[in-house]
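One structure is given below, encoded as C-alpha cells.
Read-outs throughout are calculated quantities, based only on the coordinates presented, and are distinct from any laboratory measurement. It should be emphasised that the depicted structure is a prediction, and the values quoted were computed from it without experimental measurement. Because the Cβ atoms are built from the backbone with ideal geometry, glycine has one as well, and the counts that use them run over all protein chains shown.
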Amino acid sequence: MDCLNNPNPEPTTQSIYYWLDGYWITDKEEAELMDSINAFGSVHQVAKLPLGRILMLR
C-alpha cells in the first residue's frame, strides 16, 4: 500500500540505543534513564537499522 493511501504507514526502521561497553537496548526512555545514572560510564549512541536486522556492535 502506498503512503498516500495509508496515513500511518508501518515503520521500516528501528532505533538501537547502545553504549561503548557493548550494552544495547531498544527502549529510548530506558536509555535516557541509564544515562542519567551513568550506568555504563558513557552516554548512549543511536543506530537506526532496517526492521528485522540483527545488530552486532564491537
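Of note:
- Theoretical FRET efficiency, 1/(1+(r/R0)^6), r = Cβ-Cβ of Asn8 and Gln45, R0 22 Å, to 0.05: 0.20
- Applying 0.36 nm per residue to the separation of Leu20 and Leu33 and subtracting their alpha-carbon distance, the gain on full extension is 3.1 nm.
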